[in-house]
Amino acid sequence: MEKTMLYRFRHRILVPVALLWLVLSVASGAEWIIIWSRLSRNINQSAEAVRLGESLDQLFSALQDAETYAVRDLEEHLAAFPTLVHTIEEQTVLEHG
């Protein structure tokens, strides 16, 4: 009678518990692999986003510099315009005068 109770205990309780432990262990390992993979991918994407942000900052800075030079050149040309108009008027008066 004791052997049958021990047999039942082993086969009805210990075997399912051991199988459950094994399944949970394998599932846990698979879950860690998936989590690590996603974490690695997110870290790589974050690094790419940082590089993109730095590149955009450099581009914006270059565009600001180009705008500054363009405005300065335009101001210099516009400042010279009244002098040019006056010179042309003087030459016209001298030629037709």
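For Kirkwood radius over Cα pairs in Å, the choices are (1) 22.1; (2) 15.0; (3) 13.5; which was calculated from the structure?
Recomputing Kirkwood radius over Cα pairs in Å here picks out (1).
Can you give the extra length, in nm with one decimal, that the chain gains between SER46 and ALA79 once fully stretched, where that is 0.36 nm per residue apart less the Cα-Cα distance?
That works out to 7.0 nm of additional length.
Taking the Cα centre of segment 1-85 as the origin, how large is its charge dipole in debye, to the nearest 20, when only Lys and Arg (+1) and Asp and Glu (-1) carry charge on their Cβ atoms?
1600
Springs between alpha-carbon atoms under 10 Å, Gaussian network over the chain: tell me which of ARG72, ARG38, ARG12 tops the mean-square fluctuations.
ARG12
How many angstrom lie between the C-alpha centres of segment 52-89 and segment 10-35?
With segment 52-89 and segment 10-35 each reduced to a Cα centre, they are spaced 71 Å.
Which ³J(HN,Hα) values, rounded to whole Hz and listed in residue order, are derived for segment 12-27 from phi using the Karplus coefficients 6.51, -1.76 and 1.60 in 6.51 cos²θ - 1.76 cosθ + 1.60 with θ = phi - 60°, glycine and proline given as x?
Here the 3J(HN,Hα) series is 8, 10, 5, 5, x, 5, 5, 5, 4, 4, 5, 5, 5, 5, 5, 5 Hz.
Each reported figure results from applying straightforward, stated rules to the coordinates on display, with no laboratory input. Treat the numbers as computed from the prediction; the structure is a model and nothing was measured. No Cβ is skipped: glycine too gets one built from the backbone with ideal geometry, and neighbour counts run over all protein chains shown.
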